[in-house]
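The values are calculated or read from the model by the stated rules, or taken from the named source; none is laboratory data. Only a predicted model underlies this, so the values are computations on that prediction, with no experimental measurement involved. When we count neighbours, we look across all protein chains shown, and the Cβ atoms used for this are built from the backbone with ideal geometry, even at glycine.
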Amino acid sequence: MKPSRILALLAGSGFLVHGLAERKAKQIQALADPIPYEVLRREPEGEQAFVERPDGTRIRTLVAGDSDSPTVVLAHGYGVTLLAWNVIWALLRADGYRCIAFDLRGHGNSTIGSDGIGATQMAADYEAVLSHFDVRDAVLVGHSTGGFLAIRAILDRPAVSERLRGLVLFASTAGDVLVGSPQNRLQIPMLRLGIMTAVSRSPIYSWLFGASLCGDSPSPAVIRVLNELFSAQDHKALLPIIQALGDQSDYARLGEVSLPTVVVCGEKDQTTPRWHSEKLGQDIPDARNVWVAGKGHLLNWEAPEALIEAVESLMV
């Protein structure tokens with residue numbers, strides 16, 4: 001076949017793929033929004049404070065509620081900020097809980113100091129936040145990467161467990177994120193190459209990216225907010241924690257977790273597929289699994305009620 005013919009076929013295939021993507025994006029945009037965009041884009045209400053770390057890192061935190069109230073500490077996932085907790089925050093506050101959330105190191109308004117970024121440094125940040133607010137008898141919630149780091153903090157920082165009564169692992173993992181996840185095998189190399197930032201800003205492909213993190217009924221408003229948060233992060237600076245998620249694993253150490261734990265997973269989660277939660281629920285001694293039908297990875301917005309129920313079960 002002549003080179004000109006090959007190029008013509010490739011060009012034709014590219015136009016076809018782009019056309020299909022454009023049609024799919026329009027279909028997603030036409031779906032219903034259970035929660036309005038204006039609500040999802042609003043930060044939780046609370047008092048802001050910065051936790052200063054020895055290496056110069058500043059961790060941005062938000063707190064609301066009386067210190068005598070039962071406390072929930074919320075750690076978000078990769079590529080977003082504490083804004084991701086807004087719906088859950090409002091529900092917990094309405095039930096009388098004291099809420100504490102923070103931007104992970106290098107995310108949002110938290111900086112990266114001289115020690116850099118990685119699982120060890122970020123796990124130490126968890127201890128610093130708990131200590132700063134003198135947290136006692138709290139439930140720690142970790143979503144996705146936030147759960148990976150929560151496990152590392154509990155395993156490596158004994159003072160963390162001493163301040164907790166329970167743990168919720170929300171669409172989470174103990175590492176090995178490339179295993180059994182074609183989505184991660186595609187998207188993580190794209191992150192390393194800087195392509196995912198462009199995808200999250202694309203008027204077409206951002207919709208496909210967002211929908212890939214959702215379950216059966218993606219919300220256009222959720223996808224818009226996700227992409228706005230994701231595209232605002234410095235992913236080049238965050239690459240070491242992405243590397244850690246793929247290269248590191250704490251599954252062999254799960255028996256050391258001594259806290260009552262609830263493991264919540266959407267049955268359509270492609271980012272932290274079912275095997276992660278099955279393993280977490282099986283190997284953490286005092287753990288149970290909760291499966292959310294039809295939902296994906298963004299459970300903080302797709303199924304906030306599942307988290308409220310998990311927290312309440314640990315407060316009894």
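Kindly indicate which of R224, R185, R136 is basic (K, R), assigned to a helix (DSSP H, G or I), touching a residue at least 60 places away in the same chain (Cβ under 8 Å) and surrounded by fewer than 20 Cβ atoms within 10 Å (Cβ to Cβ). Criteria check complete, one pass: R224.
Determine which member of the set T120, T145, T173, T197 is within 18 Å of R53 (Cβ to Cβ) and either within 19 Å of the chain's Cα centre (by Cα) or among the aliphatic types (A, V, I, L, M) (or both).
Working: T145 fails: within 18 Å of R53 (Cβ to Cβ); T173 fails: within 18 Å of R53 (Cβ to Cβ); T197 fails: within 18 Å of R53 (Cβ to Cβ).
One residue alone meets the criteria, T120.
Going through segment 23-38 one residue at a time, which ones are part of a helix (DSSP H, G or I) and loosely packed, with under 14 Cβ neighbours inside 10 Å? Spell out the reasoning first.
Within segment 23-38, the subset part of a helix (DSSP H, G or I) is 23-29, 37-38.
Listed by number, the residues that qualify are R23, K26, Q27, Q29, E38.
Among residues of segment 198-219 that are within 17 Å of P182 (Cβ to Cβ), those with a Cβ under 7 angstrom from a residue that is assigned to a loop (DSSP other than H, G, I, E, B) and of a type in the set (S, T, N, Q), sequence gap 6+ or separate chain, pair up as S212/Q270; L213/T271.
State all residues of segment 251-293 that are assigned to a helix (DSSP H, G or I), of a type outside the set (K, R) and in contact with a helix residue (DSSP H, G or I) (Cβ under 8 Å, 6 or more places away or on another chain); if no residue qualifies, say none.
Going residue by residue through segment 251-293, those that are assigned to a helix (DSSP H, G or I) are 251-256, 274-283.
After this cut, where a residue has to be of a type outside the set (K, R) as well, the list is 251-252, 254-256, 275-278, 280-283.
Once the filter is applied, which keeps residues that are assigned to a helix (DSSP H, G or I), of a type outside the set (K, R) and in contact with a helix residue (DSSP H, G or I) (Cβ under 8 Å, 6 or more places away or on another chain), segment 251-293 yields Y251, L254, G255, E256, L280, D283.
Taking the criterion of being in contact (Cβ under 8 Å) with a residue 24 or more places away in the chain and in a helix (DSSP H, G or I), the residues of segment 154-181 that qualify are I154, L155, D156, A159, V160, S161. Residues that are in a loop (DSSP other than H, G, I, E, B) and under 30 Å from L208 (Cα atoms) within segment 39-53 comprise R41, R42, E43, P44, listed in sequence order.
Of the candidates I151, I100, the single residue that is closer than 23 Å to E52 by Cα, of a type outside the set (D, E), in contact (Cβ under 8 Å) with a residue 40 or more places away in the chain and buried (at least 19 other Cβ atoms within 10 Å of the Cβ) is I151.
Can you find a residue that is of a type in the set (D, E), modelled with pLDDT of 95 or more, in contact with an Asp or Glu (Cβ under 9 Å, 6 or more places away or on another chain) and more than 24 Å from L191 (Cβ to Cβ) anywhere in segment 132-150? Even if it seems obvious, please write down each step before you answer.
Initial filter on segment 132-150 (of a type in the set (D, E)): 134, 137.
After this cut, where a residue has to be modelled with pLDDT of 95 or more as well, the list is 134, 137.
With in contact with an Asp or Glu (Cβ under 9 Å, 6 or more places away or on another chain) added as a condition, the list becomes none.
Looking through segment 132-150, none of the residues is of a type in the set (D, E), modelled with pLDDT of 95 or more, in contact with an Asp or Glu (Cβ under 9 Å, 6 or more places away or on another chain) and more than 24 Å from L191 (Cβ to Cβ).
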